[in-house]
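Peer 1: Okay, handing you the structure first.
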Amino acid sequence: MSASHHPAEALLVDYASGALRGGGRMVLSSHLMACPACRDSIARFEAVGGALLSALPPATLHKDALALALARIERPVPPAPATTGPIAGWITTPADVVRAARDRRRWAAPGVWVASVTRGPGRASTYLLGVAAGMTVPRHTHRGAEMVCVLKGAYVDDDVRHAPGDFAFNDDSVDHRPGITAEGDCVCLVFTEAPLVPRDWVGRLFQPLVGI
Ligand SMILES: [Zn+2]
């Protein structure tokens, strides 16, 4: 299985350079775990970044620079982000996502559950959203960026199917009403810079219940 919908190149560059942090990085990491093509791109961008660094003119070092660098090297290396075994039927995700799914899942409305993964900065939020087969998310748009990675099942947005591993980027230019396919429930990892903006009365009822 390989993903059909990928992040824009600029986002992959931000990931490779470390500029993409927090929840957005977590959503993109989940896509990378399922997408060898984007992993290759990241490796290429990292190589280019390394080459650019080595091409910079040498700078005069602080007299303690060597001691500081050695002290850093000797510090124990933090464990690599664990890729906790998949929850049955899900693609592999970062360990924080698995923990949120196991510990913080709550039913928000009939057929809908949410689990907060991280909050902040500001109004940003990263969460898991599980929606039952055949249901439609009320029409809404966004304030700022939203990034989504499908972990299980599939949804259709504007006639385009998004399946496990697929990545989606939405912003305030998008006004949509994604629907879960009939095959089974769908779980997505979602990062939003700010809460959704409901576009109809169903959404206005739904949003406080679900809290997204
Ligand atoms: Zn990809």
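The values are calculated or read from the model by the stated rules, or taken from the named source; none is laboratory data. Note that the structure is a prediction, hence the values are computed from the model and not measured. So basically every Cβ, Gly included, is an ideal-geometry build from the backbone, and we count neighbours across all protein chains shown.
Peer 1: Farther than 15 Å from Gly111 by Cα, touching a Gly at 6+ places or on another chain (Cβ under 9 Å) and within 16 Å of the ligand (Cβ to nearest atom), is that true of Ala194?
Peer 2: no
Peer 1: Identify, please: which residue in the range 151-165 is in contact (Cβ under 8 Å) with a residue 40 or more places away in the chain and crowded, with 22+ Cβ neighbours inside 10 Å and is, among those, farthest from Arg105 (Cα to Cα)?
Peer 2: Residue satisfying both the conditions and the ranking: His162.
Peer 1: Considering only residues that are at pLDDT 90 or above and not in a helix (DSSP H, G or I), which ones fall in the range 4-59?
Peer 2: Ser4, His5, His6, Pro7, Ala8, Gly18, Ala19, Leu20, Arg21, Cys35
Peer 1: Can you tell me which residue in the range 162-187 is farthest from the chain's Cα centre (by Cα), limited to those that are within 16 Å of the ligand (Cβ to nearest atom) and part of a strand (DSSP E or B)?
Peer 2: His162
Peer 1: Restricting attention to the range 1-27, which residues are surrounded by 14 or more Cβ atoms within 10 Å (Cβ to Cβ) and near the ligand (Cβ under 9 Å from one of its atoms)?
Peer 2: Selection gives Ala3, His5, His6, Pro7, Leu12.
Peer 1: While we're on this one: Counting only residues that are within 27 Å of Gly122 (Cβ to Cβ) and polar (S, T, N, Q), which one in the range 28-46 is surrounded by the fewest Cβ atoms within 10 Å (Cβ to Cβ)?
Peer 2: The residue in question is Ser29.
Peer 1: Would you pick out the residues in the range 149-161 that are within 19 Å of Gly203 (Cα to Cα) and not in a loop (DSSP other than H, G, I, E, B)?
Peer 2: Tyr155, Val156, Asp157
Peer 1: Restricting to the range 28-39, what's the tally of residues that are more than 10 Å from the ligand (Cβ to nearest atom) and touching a Cys at 6+ places or on another chain (Cβ under 6 Å)?
Peer 2: Qualifying residue count for the region: 1.
Peer 1: Go through the range 63-145 and tell me which strands (runs of 3 or more DSSP E), entirely inside it, have 3 or more residues that are at pLDDT 90 or above and of a type outside the set (Val, Ile, Thr).
Peer 2: 112-119, 125-131
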